[in-house]
1. List the number of the failed condition for residue 235; all other conditions in (1) more than 23 Å from residue 107 (Cα to Cα); (2) open to solvent by less than 10 Å² (accessible area, probe 1.4 Å); (3) in a strand (DSSP E or B) hold.
2. For segment 414-422, state whether one or more residues are open to solvent by 50 Å² or more (accessible area, probe 1.4 Å) and more than 23 Å from the chain's Cα centre (by Cα).
3. If you take the residues of segment 53-71 that are assigned to a loop (DSSP other than H, G, I, E, B) and farther than 19 Å from residue 142 by Cα, which of them is farthest from ligand 3 (Cβ to nearest atom)?
4. When the residues of segment 332-346 are narrowed to those that are open to solvent by less than 20 Å² (accessible area, probe 1.4 Å), touching a strand residue (DSSP E or B) at 6+ places or on another chain (Cβ under 6 Å) and within 14 Å of ligand 1 (Cβ to nearest atom), which ends up farthest from residue 136 (Cα to Cα)?
5. Does residue 427 count as within 21 Å of the chain's Cα centre (by Cα) and in a loop (DSSP other than H, G, I, E, B)?
6. Out of (1) part of a loop (DSSP other than H, G, I, E, B); (2) away from ligand 3 (no atom under 16 Å from the Cβ), what's the single condition that is false for residue 140?
7. Considering 257, 297, which residue is polar (S, T, N, Q) and modelled with pLDDT under 95?
8. Output the strands (runs of 3 or more DSSP E) that fall wholly within segment 299-391 and possess 1 or more residues being within 14 Å of ligand 3 (Cβ to nearest atom) and not β-branched (Val, Ile, Thr), or say none.
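The values are calculated or read from the model by the stated rules, or taken from the named source; none is laboratory data. Bear in mind that the values here come from a model prediction, so they are computed numbers and not experimental data. Note that we place each Cβ from the backbone using ideal geometry, even for glycine, and neighbour counts take in every protein chain shown. Side chains are part of the model used for accessible areas, which takes the heavy atoms of the whole protein and leaves out ligands, DNA and RNA. Shrake-Rupley method; radii C 1.70, N 1.55, O 1.52, S 1.80 Å.
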Amino acid sequence: MNHQSLVGQFAHIVGPDGIISDKTEHDAYVRDWLGKWTGLTPVVVRPRSTTEVSAVLRLCHQTHTPVVTQGGNTGMSGAATPDTSNSQVVLSLTRMKRIRDVDPINNTMTVDAGVTLAQVQQVATDADRLFPLSLGAQGSCTIGGNVATNAGGSGVLRYGNTRDLVLGLEVVLPDGRVWNGLRALRKDNTGYDLKHLFIGSEGTLGVVTAAVLKMYPAVRNRQTAWIGFERLADVVDALRGLQDICGDSLTAFEMMTQASLDLVLGHFNSARSPLQSPVAFHVLAEVSHTSATAATTPFEDALQALIERGLAVDVALASSTAQAVEMWGLREGISPAQVAAGHAIKHDIALPISSIPQFVQEADSICADVRPEFTVINFGHIGDGNLHYNVLAPASLGEKSYKQAVEQLNRLIHDLVAQYGGSISAEHGVGQLRRDELKRYKSSVEMDLMMTIKRSLDPNHLMNPGKLL
Ligand code: FAD
Ligand code: 2HG
Ligand code: ZN
């Protein structure tokens, strides 16, 4: 079927205002926000309901039309960008915005896939509850995208990844059938737990159209601190020291190097370091209580103990919500500051926390050896063993030299990660960015199992081709 009649059939399903066929209006859908990937699509299709998604996928199945599902297009791995063949339809779910149910007694809500993470957080707040997934893109990323990437963010330490926050899913399969798995149950052992196949599948197995999400008791009392360290081994010790005293109330433990902070301070004119002097490693730590009257002393005592034990060299405790927000602004500012600085070679890695200090020492020395003119921007969710070990190439580097540097550094850093029993994608997924790398680090048995699942659900290979596998 030619493009024009296909577009006509899509318009018949979603209505004329649900398609964008004019290429001059495709930019936001065919280019990723990092500016690393740009593709082409014959049409962007924007359904409003599961029934429409089902009809769209049935048509794609009948016509062998490949589909790239897209949420907020905030992903970090090029997984939501079509290729340049001009054959892949972009299925954007941002018009699917219904809050289907909120049940504060069951502590669950059921929402359409196109609802943004910030809206979901607000729905929970309005019900005097918490939805704890939290990340820099929350104003634009969608729950469908969070599910499809198994997003992490800064609350994983206490609440887990997206996978831990989902009780049920509704998914449209590649042939258009709808699987209604919207069960709001915390216990259900009736066979294979199918939702977990789709969580983290990056749009390669089906389209998530709705999710049942867990809610938690609202946080009524929060303390935020900025802590300075000279040694990474002390950061890791401090994490356990704080947990020994504060237990589960420690909800965030984010690390950044001085170079990462300097990048943010250089990018945002009004930004100030919370500490008096530079230190090698900065940590943003937060404790959260569900009781408004919870004692604040354990956290303060724990911070004091870090100084007394000689682990931390300086501490700033936020004395107001505004100060806490400023601290989080510094942390969340690292990504945009990197984009402004030019070429960041991204490594989103997971490691056993105990091996992080040794790993970083080795990785830093590799980078200094092979690329002394580059700057390591190492930061991340160290409380989860997740580092964003990014390497900034000078903005003046030509395209060809940049590509060579990416290949060289990916190989060296990822091989080192593998040596330490780590993962080359902790939270950003595989997408296009790490697709070829994946084969090197997964066993043939694991790749084979993944291909078997892919073939059985999507035998025509129409769902997000060229990504992940
Ligand atoms: P998209 O980018 O649109 O899509 C991502 C993938 O999901 C693609 O494979 C797409 O095909 C698939 N997909 C999207 N919707 C669906 C659906 N309904 N059904 C099936 N497949 C679908 N990520 C983290 O994990 N932790 C962070 O701390 C974090 N911080 C970020 C900070 C910034 C400033 C930015 C810009 C991004 C950050 N991200 C982070 C990355 C990104 O926000 C997440 O990956 C997010 O989950 C993507 O959601 P999205 O709706 O934008 O998905
Ligand atoms: C974060 O933790 C995001 O801020 C982005 O996951 C990481 O820019 C990055 O590499
Ligand atoms: Zn992150």
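1. With respect to (1) more than 23 Å from residue 107 (Cα to Cα); (2) open to solvent by less than 10 Å² (accessible area, probe 1.4 Å); (3) in a strand (DSSP E or B), residue 235 is out only on (3).
2. yes
3. Residues of segment 53-71 that are assigned to a loop (DSSP other than H, G, I, E, B), as a first pass: 64-66, 71.
Restricting the remaining residues to those that are farther than 19 Å from residue 142 by Cα gives 64-66.
Values: 64: 37, 65: 34, 66: 29 Å.
Taking the candidates together, the pick is 64.
4. Start the filter on segment 332-346 by keeping residues that are open to solvent by less than 20 Å² (accessible area, probe 1.4 Å), which leaves 333-334, 337-338, 344-345.
Add one more test, that the residue is touching a strand residue (DSSP E or B) at 6+ places or on another chain (Cβ under 6 Å), and what stays is 334, 338, 344-345.
Still in the list and also within 14 Å of ligand 1 (Cβ to nearest atom): 334, 338, 344.
Numbers: 334: 10, 338: 14, 344: 18 Å.
Per the criteria, the residue is 344.
5. Numbers: within 21 Å of the chain's Cα centre (by Cα): yes; in a loop (DSSP other than H, G, I, E, B): yes.
Yes; evaluated as a whole, the condition is true for this residue.
6. (2)
7. Working: 257 fails: modelled with pLDDT under 95.
Checking each option against the conditions leaves just 297.
8. On the way: elements: 312-317, 348-350, 375-381.
In segment 299-391, 348-350, 375-381 are the strands (runs of 3 or more DSSP E) which contain 1 or more residues that are within 14 Å of ligand 3 (Cβ to nearest atom) and not β-branched (Val, Ile, Thr).
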